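J.: So that we are looking at the same thing, I have put the structure below in structure tokens.
Where a number appears in this text, it was derived from the coordinates with a stated rule and is not lab data. Everything numeric here is computed off the predicted structure, so don't read it as measured data. Cβ placement follows ideal geometry from the backbone for every residue including glycine, while neighbour counts extend to all protein chains displayed.
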Amino acid sequence: MTDPGELNASGWTSVEAAGFTGQLGPLWVRGAGGTREIGFFAAPHHGNSHLGTVHGGLLMIFADIGLGYGAADALGGQHCATAQLQIQFVATANLGDFLTCRPELVRAGSRLLFMRGLIKAGDKTVASADGIWKVLDRQLR
């Protein structure tokens, strides 16, 4: 998919991200709960200088956001924070690609959530990520 019209026709909805997450630009969301997918278009400011590829640090941010969405879904509104995040870079993503992440809950304990997911550009896997999210004791403002 290369344009917003195609995404809308495929069930994606654009969401303006706030704060640091806004650095990705608008996020695209499809599905709910355990089937939610997160996506964004890789723009020039997401790239490695002069290479035309997406910077690995940006892919790490996207993994944190994508898996974090899954953790938040699993908690039904209770707040959590990333405790550990591991990413494996598998292939390059190009500027202009629409990148997606489908988070998967591996296990939920009383205080920790174990998440994993793949970051893809179309059918090509560009990164694999897994992490642990800590359930917070209090609601954040």
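J.: If you build the Cα gyration tensor of segment 46-120 and take the root of 5 times each eigenvalue, what three semi-axes come out, in whole angstrom, biggest first?
T.: Rounded to whole Å, the semi-axes are 27, 11, 10.
J.: Kindly rank 33-41, 78-86 from highest to lowest mean number of other beta carbons found within 10 Å of each residue.
T.: Packing order, densest peptide first, comes out as 33-41, 78-86.
J.: Could you give the spread of the C-alpha atoms of the chain along their three principal axes, from largest to smallest, in whole angstroms?
T.: Largest first, the chain extends 44, 30, 28 Å along its Cα principal axes.
J.: What list of ³J(HN,Hα) couplings, whole Hz, do you get for segment 85-101 from phi and the Karplus terms 6.51, -1.76, 1.60, once you set θ to phi - 60° and write x for glycine and proline?
T.: After applying 6.51 cos²θ - 1.76 cosθ + 1.60, I find 9, 10, 9, 10, 7, 9, 7, 7, 10, 9, 4, x, 5, 9, 9, 10, 9 Hz.
J.: Note the angle between two axes, namely the Cα long axis of helix 56-75 and the longest principal axis of the Cα atoms of the chain, as a number of degrees from 0 to 90, rounded to the nearest 10.
T.: The two axes meet at around 40 degrees.
J.: Hey, can you grab everything whose amide H is under 5 Å from the amide H of residue 17? Only 5+ residues off in sequence or another chain; H modelled, so Pro and N-termini drop out.
T.: Correct list: 27.
J.: Under 5 Å between amide H atoms, partner at least 5 residues away or on a different chain: which partners does residue 95 have, H built in plane at 1.01 Å?
T.: Here the answer is 53, 54, since their amide H atoms fall under 5 Å of that of residue 95.
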